[in-house]
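Inspection log for the structure reproduced underneath, given as structure tokens.
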Amino acid sequence: MSRALIAASALFLAATSATAQTPWRTAPPESQGMASERLAAMDAAVRAGSFEKVTSVLIARHGRLVHEAYFDEGGREAGRDTRSVTKTVTAMLVGAAIAEGAVPDVAAPVTPLLSAYGPFDNPDPRKDEITIEDLLTMSSLLECDDGNSFSRGNEERMYLIEDWVKFAFDLPIRGFPGWVPKPADQPYGRAFSYCTAGVTALGAAVQSAVGEPLDTFAHRILFAPLGIEGEQWQRSPVGTPQGGGGLRLRSRDLLALGQLLLNRGRWEGRQILPEPFALAMTTPQVSVDAQRGDYGYLTWLPAYSVNGQQHAAWAMAGTGGNKVVIVPDLDVVAVVTTENYRVRNAHGLSDRLLVEHVLAAIETRQAPTEP
């Protein structure tokens, strides 16, 4: 390791310890089996525009913050709109509500918790059977598909309506023409359809169950224990916190949420989320498609190939290639925030950064000896 890199690492550690909010133990990359030179090359590539507009990259290995770089004027304290990364936070809040006894389990029906938003159009007994788990897995029978501009439930149509929760459950039941396999004929017995409106309704259901605003509950049960502060929620025109997207968090806060999943719901020795629920979030629950693989509870389950080896991962992901990626077998969490909202293949760009730089910088797989 060069003297310049040693000096840079020392300055980095001094700066992070002086201004940290979310508590993180820091360490030089080499002490956790990562190459500083490769990470420096990554930062140079980002600054050169090779990945368009990346705003931050943070890496934790073996529970230590080993790399933290910002590429915009906002820096460390900026709240970053990572769009649908919020959905995974909403899943965490479901687990917390179950732990508090406010929700019995994921099999609980949703409509009783949303009665204040009704009555709903297109009544159907199958609507009353939609469960919390159906919304956690993007597999409810609501006719809702953000990837189809013709879908009545497309996210962009929701934003034209004042009450986003009512929009979701006003939707009709989805049809399955002959060329589309019915849920019973698909893996895990579910049919995936990416639906922001459903997660918006899920957040409202949690709010109803716990008897306090979703943002208040989130701060009490999840953010405050992790040292997260200053979070900013998007709200519908009627004031409902948006569980489906738009939550602004600092990059360190996002890293902490990723580490929480890696630790099966534990943070600094305290069980924040029930371990069984944290495991369920990262277990395949529904098949997306041949390209994107499986999906957990509002959590993507990709795999990354590095030097000919496949590594299963868990990901919180949002428009523009915003990602919090956890690779359990390498004991690493990485945050990539961007403003690539209108960039073609933005997720592919972020994945390339992760594979070619972050994961390629790992030199050893074993955990270091504790000092």
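Data overview
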{"read-out": "Spatial separation of Cα centroids for segment 188-242 and segment 62-137, in angstrom", "value": "5"}
{"read-out": "Sparsely packed trypsin sites (Lys or Arg not before Pro) within segment 28-94, loop by DSSP, other Cβ within 10 Å at most 15", "value": "none"}
{"read-out": "Relative contact order (%) - criterion: Cα under 8 Å, at least six apart; region: segment 238-348", "value": "18"}
{"read-out": "Check: segment 256-371 dipole with +1 on Lys, Arg Cβ and -1 on Asp, Glu Cβ, in debye", "value": "280"}
{"read-out": "Computed E for Leu160/Arg266 - FRET, C-beta separation, R0 30 angstrom, nearest 0.05", "value": "0.10"}
{"read-out": "Helix 251-262 axis, angle to the chain major axis (alpha carbon atoms, nearest 10°)", "value": "70"}
{"read-out": "Extension gain (nm, one decimal) between Asp72 and Glu275, 0.36 nm per residue minus Cα-Cα", "value": "69.4 nm"}
{"read-out": "Residues of type lysines that Lys127 reaches as a straight line, Cα spacing below 16 Å, ignoring anything fewer than 8 places off in the same chain", "value": "Lys166"}
{"read-out": "Relative contact order %, the chain, counting alpha carbon pairs below 8 Å whose residues are six or more apart", "value": "23"}
{"read-out": "For segment 156-283, accessible area per residue (1.4 Å probe, heavy atoms of protein chains only), Å²", "value": "39"}
{"read-out": "D_trans [Stokes-Einstein, Kirkwood Rh over alpha-carbon pairs] for the chain, 20 °C, 1.002 mPa s, µm² s⁻¹", "value": "101"}
{"read-out": "Cross-link partners of Lys87 among aspartates and glutamates (Cα-Cα below 18 Å; sequence separation of 8 or more within a chain)", "value": "Glu133, Asp134, Asp145, Asp146, Glu155, Glu156, Asp215, Glu231, Asp253, Asp294"}
{"read-out": "Principal-axis tilt of helix 36-47 within the chain, Cα atoms, nearest 10 degrees", "value": "60"}
{"read-out": "Loop-located chymotrypsin sites (Phe, Trp or Tyr not before Pro) in segment 135-216 whose Cβ has at most 10 other Cβ within 10 Å (DSSP)", "value": "Phe150, Trp179"}
{"read-out": "In degrees, nearest ten, helix 3-19 long axis to first principal axis of the chain (Cα)", "value": "50"}
{"read-out": "Percent RCO, i.e. relative contact order, over segment 78-177, from Cα pairs under 8 Å lying at least 6 residues apart", "value": "24"}
{"read-out": "With at most 15 neighbouring Cβ atoms within 10 Å, loop GluC sites (Glu not before Pro) (DSSP) excluded, longest segment of the chain", "value": "269-362"}
{"read-out": "Student exercise, the chain dipole from Lys, Arg, Asp, Glu Cβ charges, in Debye to nearest 20", "value": "640"}
{"read-out": "Inter-label distance for Arg235 and Val355, nm, one decimal - labels placed 7 Å from Cα along Cα-to-Cβ", "value": "4.3"}
{"read-out": "The chain - percent of accessible surface contributed by carbon and sulfur, probe 1.4 Å", "value": "51"}
{"read-out": "Inter-probe distance in nm under a simple model that places probes 7 Å from Cα toward Cβ, at Gln310 and Gln186", "value": "2.2"}
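The values are calculated or read from the model by the stated rules, or taken from the named source; none is laboratory data. What you see is a predicted model, and the numbers here were worked out from it, not measured in a lab. As a convention, Cβ positions derive from the backbone with ideal geometry for all residues, glycine included, and neighbour counts pool all protein chains shown. Accessible surface is based on the protein model in full, side chains and every heavy atom, while ligands, DNA and RNA are left aside. Shrake-Rupley method; radii C 1.70, N 1.55, O 1.52, S 1.80 Å.
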